[in-house]
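Peer 1: Attaching a single structure in C-alpha cells format; questions to follow.
Read-outs: derived from the displayed coordinates by stated rules, not from any lab. It should be emphasised that the depicted structure is a prediction, and the values quoted were computed from it without experimental measurement. Here the Cβ positions follow ideal geometry from the backbone for every residue, glycine too, while neighbour counts run over all protein chains shown.
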Amino acid sequence: MGPTPDAAHAASDQEAPVTASPFHTVAWLAEGAVSVLDQRRLPARVEYLRIADATAMATAIRTLAVRGAPAIGCAAAYGIAVEAHRLRAAPAEARHAGLQAAFEDLARSRPTAVNLFWALDRMGRRLAAAPADGPGAAAALLDEAHAVLGDDRAANLRMGAAGAALVGDGARILTHCNAGALATAAHGTALGVIRSAVAAGKRVSVLADETRPVLQGARLTAWELLAEGIPVTLIPDGAAGLLMARGEVDLVIVGADRVAANGDVANKIGTYPLAVLARRHNLPFYVACPLSTVDLSVAHGSAIPIEERGADEVTGYGAERWAPPGVAVRNPAFDITPADLVSALITEAGVLRPPLAEALRAVMAGASAR
Ligand code: MRU
C-alpha cells in the first residue's frame, strides 16, 4: 500500500473517472510532500517515492520514475509547489533564489514533452500573481498544482468521451508506449479513449507494442489493461506490419509528447513507422492528446527537440547486458510523425480532422479565449 494522498485533492475534479485507478501517478501528501509512483519498478513492485524538494522531483522525471507527457507536467507543477512549501519560512531573497533554481532544474529534466514547460509557465504565472509572503506564495502554488492535476484528469475524461465514438464494437486497437493513467493524472489519453469505449459497452481488444528500449508497453500498458480486464496482447514492436497485413488491426491510437503548429506529432520512438504502416494498410491512425501537448510556437516537427537517452537503455536492461561492450549506440527517445499521416487528433475540445494546422489554430484560439 502506498502513502495516502491528501483526500481533498486526490478527487478534486468535478467529473468522476469512468474507472477508478487503484494507484496514483502523482499526489500531494497532507504532510507537505509529493507521492510519486515509481514506474521504473513496475510491474514487479508498486512503490511510491516521497518527494520533498524540486531537485528530487527533477531527478524523478529525468530517471523516468514518473514519465508520460501529462504526468511529467503534473510532476513539475508539484515540484514547484513542494519547493515553495519547503522554503515558505525562509527569508525572501533565499526563497526567490530557491524557486528560481527549482524552475531551472525542472526545465532541464527532459526536453521533448511540452507539458513540462507548459506546467512550469503556468506555475510561473501563478507565482507572479501570488502573495509576496512565503506561506501565501506556497499556498497559491499548491493550489495551482492541484489545478494542473485536476485539469488533466478532466481533459482525459473529455478526450475519452470524444474518442470513444471513433472506436467500433469489436475493434482491434494497436497502441505504442504507455499513454494510460500512468502517463497522466488519471484515465489516460490513448488508453483513456480505450477505457471510455469499454465503458460505453464496446468490446475491444488491444495490441500493445512492447516499446523498446524502456518497455513502457510491456511493463506499463500491459499492467494497466490486465488490471482492468481489458483484453490485451503484447507484441514485439516489429510485429505490427505483419499483423496489419494479415488484417488483425482495425485502428491505431497513440499519445503525444508535443504537437507542432502544423500537426506534426512527437511521440515515443517507433510511432512514426506505425503511422507509415497504418497508411500503407489503410488504417486510421489517431493521436490522443490534451491541448497542453500542443505547441504552436513550433512550426514543424523538425524543430521539436528530441531527447537522446543513454546507451545503457539499448545495450541491455537493468543489470543484464547483451550488447558487446564498446559498441556505438544511438538512442533517440522520440520520433516525429508528419501531420499528413495523422487521421485525427483526439483532444478535450473534440476530434480535430485535417487540415490539422487550421484545426489547431482554431481550437487553440478558443482555448486561450476561455
Ligand atoms: O519516455 P516516456 O515514457 O515519457 O514517453 C512517453 C510517451 O511517449 C507517451 O506516448 C506520451 O508521453 C503520451 S502519454 C499520455
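Peer 1: By how many nm would the segment from Ala30 to Asp169 grow when fully extended, if each residue of separation counts as 0.36 nm and the alpha-carbon distance is taken off?
Peer 2: Values: separation 139, 0.36 × 139 = 50.04 nm, distance 4.31 nm.
Working it through step by step, the gained length comes to 45.7 nm.
Peer 1: Here's something else I'd like to know. Tell me which of Ala239, Val314, Val254 sits at the most positive position along the dipole axis of the stretch 205-317, charges placed on C-beta atoms (Lys, Arg +1; Asp, Glu -1).
Peer 2: Ala239
Peer 1: Could you work out how far apart the two model spin labels at Thr55 and Asn282 are, taking each label as a point 7 Å from the Cα in the direction of the beta carbon, and quote it in nm?
Peer 2: 6.0 nm
Peer 1: Counting every Cα pair in the stretch 232-370, what percent are over 26 Å apart? Each step should come with its number before you reach the end.
Peer 2: On the way: 3239 of 9591 pairs.
Considering the stretch 232-370, 34 percent of its Cα-Cα pairs are separated by more than 26 Å.
Peer 1: Quick one: which of 341-351, 242-252, 174-184 comes out on top by average Cβ neighbours within 10 Å, and what's the full order, highest first? Present the calculation step by step, with values, prior to reporting the outcome.
Peer 2: Values: 341-351: 22.3, 242-252: 16.4, 174-184: 29.5.
So the peptides 341-351, 242-252, 174-184, ranked by packing, come out 174-184, 341-351, 242-252.
Peer 1: What is the distance, in nm, between label points placed 7 Å from the Cα along the Cα-to-Cβ direction at Ser368 and at Ala200?
Peer 2: Computed distance between label sites Ser368 and Ala200 equals 3.1 nm.
Peer 1: Can you tell me the Rg and the Dmax, both Å, for the Cα atoms in the stretch 115-167?
Peer 2: When restricted to the Cα atoms of the stretch 115-167, Rg and Dmax are 14.9, 51 Å.
Peer 1: Further, regarding this structure: Quick check on the stretch 170-236: take the gyration tensor over C-alpha atoms, sort the square-rooted eigenvalues as a ≥ b ≥ c, and tell me if it's rounded (a/c under 1.5), prolate or oblate. All intermediate terms of the calculation are to be shown ahead of the outcome.
Peer 2: On the way: a/c = 2.01, a/b = 1.32, b/c = 1.52.
Judged from the Cα gyration tensor, the stretch 170-236 comes out oblate (a/c at least 1.5, b/c at or above a/b).
Peer 1: In percent, how large is the relative contact order of the stretch 190-293, given Cα pairs closer than 8 Å and 6 or more residues apart?
Peer 2: 25 percent
Peer 1: Report for the chain the percent antiparallel among DSSP-assigned beta bridges with both residues inside it, nearest 5.
Peer 2: Approximately 55 percent, going by the DSSP bridge assignments.
Peer 1: Taking only DSSP H segments of four or more residues, each worth -39500 (n - 2.57), what value at 222 nm results for the chain once the sum is divided by all its residues, to the nearest 500 deg cm²/dmol? Mind dumping the intermediate values first?
Peer 2: Numbers: 12 runs with 145 residues, N = 370.
Only helices count here, giving -12000 deg cm²/dmol.
Peer 1: Quote the charge dipole size of the chain about the Cα centre in Debye, to the nearest 20; the model charges only the Cβ of Lys and Arg (+1) and of Asp and Glu (-1).
Peer 2: Working: 33 positive and 37 negative charges, 93 e Å.
With only Lys, Arg, Asp and Glu charged at Cβ, the dipole is about 440 debye.
Peer 1: Using the crude model of +1 on Lys and Arg Cβ and -1 on Asp and Glu Cβ, and no other charge, please compute the dipole size for the stretch 151-306 relative to its Cα centre, in debye to 20. Can you show the working numbers first?
Peer 2: Details: 13 positive and 13 negative charges, 46 e Å.
It comes to approximately 220 debye.
Peer 1: Suppose R0 equals 35 Å; then what is the FRET efficiency for Ala97 and Ala303 from their Cβ-Cβ distance, rounded to the nearest 0.05? Don't skip to the end; give the middle numbers.
Peer 2: Numbers: r = 32 Å, r/R0 = 0.92.
Efficiency, from the Cβ-Cβ distance: 0.60.
Peer 1: About its Cα centre, what dipole magnitude does the stretch 35-145 give when the only charges are +1 on Lys and Arg Cβ and -1 on Asp and Glu Cβ, stated in debye to the nearest 20? Numbers along the way, then the final one.
Peer 2: Details: 14 positive and 11 negative charges, 82 e Å.
Magnitude of the dipole: close to 400 debye.
Peer 1: Springs between alpha-carbon atoms under 10 Å, Gaussian network over the chain: tell me which of Arg110, Arg86, Arg67 tops the mean-square fluctuations.
Peer 2: Top of the fluctuation ranking is Arg86.
Peer 1: How do 193-206, 150-163 rank on mean C-beta neighbours within 10 Å, highest first?
Peer 2: Numbers: 193-206: 20.5, 150-163: 23.9.
Ranked from most to least packed, the peptides come out as 150-163, 193-206.
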